[in-house]
Amino acid sequence: MDKNPLGNTGLQVSQIGAGLAALAQESLDDMTAVEETLSGALDAGINFFDTAECYLDSEEMLGQAISHRRSEFALATKCGHTRGAQQPAWSADDIAASVDESLRRLRTDHVDLLQLHTCGVDVLEKGEAIEVVQRARDAGKTRFIGYSGDNEAARWAVDSGLFDTLQVSFNLADQRPRLGLLRAAKKRGMGIIIKRPLANAAWGAAASPTAGYKWGPDYADEYWRRAQIIAAEGPIDGLSDDGIAAALGFVFAHPEVDVALVGTRNPAHMRSNIALLERGVSIPDRALAELYRRWDELDDGWVGKN
């Protein structure tokens, strides 16, 4: 699989990474599918794995399944949305404790990337949360620090110059980052990680693909609603009839993107996504321009969905 530099970090990361929120649907009592999915991703060349403390047992599952192959991949996690807490916890003590817990669950002494997880501008401006992840970096618990989130907070994180990476929602139904944010982050040398590139398989779906989830995502219904509105104007010349191919083609048409996180808990889906990327998911300029036009004309406040 092709590798891209993750901004100025020096890390070389696979074009698609494994987003591990979907593992929250699984149980530690039966790790068969988890181990097959994660090991299969590694074997196929995926070398960027992204999780978070609040994704239920996701960190522990990764640690159990592939920590023995730690040298083969870049590991990213997120802090601030403490697992089991009713509200995010942004104090220095809370974040410091959560970082240590994440390392324990991940069965490693450091991560490659530690990200603040969708805190608002108020938290960023206060500075305490940023200082504690900087201290974690200075202590060797992470190599780099990043921000994961959307809208005004994402722009603040970029403009601050304090973070090595930006993880932001970007897809056919969530296009706002193309209106300056991606370019600004790239200009600062930040690594750009795209979350939700498939819009939770909303494009071309007959119904919102949220049935069967025991945990989130609450933004998927909105993605599907937007996709329906965009598609209602008729077929788009040159756009693949395969919704996954169309979604990936849209994201990778933007050269600022370093890695797009594709999440699944199904080993067959992971293999299918990898095979699709290897076959190619390019999108013609005319289709991209039409997707832009429809978004720009139909947008009635379609902000990013944290």
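Each reported figure results from applying straightforward, stated rules to the coordinates on display, with no laboratory input. Because the structure is a prediction, the values reported are computed rather than measured. Glycine gets a Cβ as well: all are built from the backbone with ideal geometry, and neighbour counts include every protein chain shown.
On a full-extension model of 0.36 nm per residue, what is the gain between Asp30 and Ser67, subtracting their alpha-carbon distance, rounded to one decimal in nm?
So the chain would gain 11.6 nm between Asp30 and Ser67.
For the stretch 113-155, take the convex hull of the Cα atoms, compute a quarter of its surface area, and give me that in nm², please.
2.7 nm²
Do you know the relative contact order of the chain, to the nearest whole percent, from alpha carbon pairs under 8 angstrom that are 6+ apart?
Reported as a whole number, the value is 20 percent.
Taking only DSSP H segments of four or more residues, each worth -39500 (n - 2.57), what value at 222 nm results for the chain once the sum is divided by all its residues, to the nearest 500 deg cm²/dmol?
That calculation yields -11500 deg cm²/dmol at 222 nm.
So which of Lys3/Lys78; Lys78/Lys195; Lys3/Lys186; Lys78/Lys141 end up more than 19 Å apart by C-alpha?
Lys3/Lys78
Determine the dipole magnitude for the stretch 5-94: charges of +1 sit on the beta-carbon of Lys and Arg, -1 on that of Asp and Glu, nothing else is charged, the reference point is the Cα centre, and the result goes in debye to the nearest 20.
Around 380 debye, computed over the stretch 5-94.
Could you sort 244-254, 150-160 so that the peptide with the highest average Cβ count within 10 Å comes first and the rest follow in order?
244-254, 150-160
Can you give me the C-alpha center-to-center distance between the stretch 233-306 and the stretch 105-184, rounded to a whole angstrom?
One Cα centre to the other: 23 Å.
Need the list of aspartates and glutamates near Lys187 for cross-linking: C-alpha distance under 15 angstrom, and skip anything on the same chain fewer than eight residues off.
Asp159, Asp164, Glu256, Asp258
Return a whole-number percent for the relative contact order of the stretch 27-182, with Cα pairs under 8 Å and 6 or more residues apart as the contact set.
So the answer I get is 17 percent.
For the stretch 1-122, just say rounded, prolate or oblate: build the C-alpha gyration tensor, square-root its eigenvalues into a ≥ b ≥ c, call rounded for a/c under 1.5, and beyond that prolate if a/b exceeds b/c, oblate if not.
Verdict is oblate for the stretch 1-122.
Between rounded, prolate and oblate, where does the stretch 216-300 land on the alpha carbon gyration tensor, with a ≥ b ≥ c its root eigenvalues, rounded for a/c under 1.5, else prolate if a/b exceeds b/c?
Verdict is oblate for the stretch 216-300.
Which stretch or stretches of the stretch 1-27 have amide N atoms under 17 Å from the point lying 7 Å from Lys187's Cα along the Cα→Cβ direction?
Of the residues in the stretch 1-27, 8 have backbone N under 17 Å from the label point off Lys187.
Along the charge dipole of the chain, Cβ charges K/R +1 and D/E -1, which of Ile274, His110, Val13 sits furthest on the positive end?
Among Ile274, His110, Val13, the one farthest towards the positive end of the dipole of the chain is Val13.
Need the full-extension length gain, Ser282 to Asp109, defined as separation in residues times 0.36 nm minus the C-alpha distance. One decimal, nm.
Gain on extension, Ser282 to Asp109, equals 58.4 nm.
Rounding to the nearest 10 and keeping the result within 0 to 90°, find how far the Cα-based axis of helix 92-106 lies from the longest principal axis of the chain.
With rounding to tens, the tilt is 80 degrees.
Taking the Cα centre of the stretch 101-152 as origin, sum charge times position over the Cβ atoms of Lys and Arg (+1) and Asp and Glu (-1), and report the length of that vector in debye to the nearest 20.
Rounded to the nearest 20 debye, it is 420 debye.
Under a Cβ-only charge scheme (Lys and Arg +1, Asp and Glu -1), can you give me the dipole magnitude of the chain about the Cα centre, in debye to the nearest 20?
Computed about the Cα centre, the dipole is about 520 debye.
For Ala139 and Ile229, calculate 0.36 nm times their separation in residues minus their Cα-Cα distance, and state this gained length in nm to one decimal.
27.5 nm
Please say if the stretch 163-306 is rounded, prolate or oblate, where rounded means a/c under 1.5 for a ≥ b ≥ c the square roots of the C-alpha gyration tensor eigenvalues, and otherwise the choice is prolate for a/b larger than b/c and oblate otherwise?
Rounded, because the longest to shortest axis ratio a/c is under 1.5.
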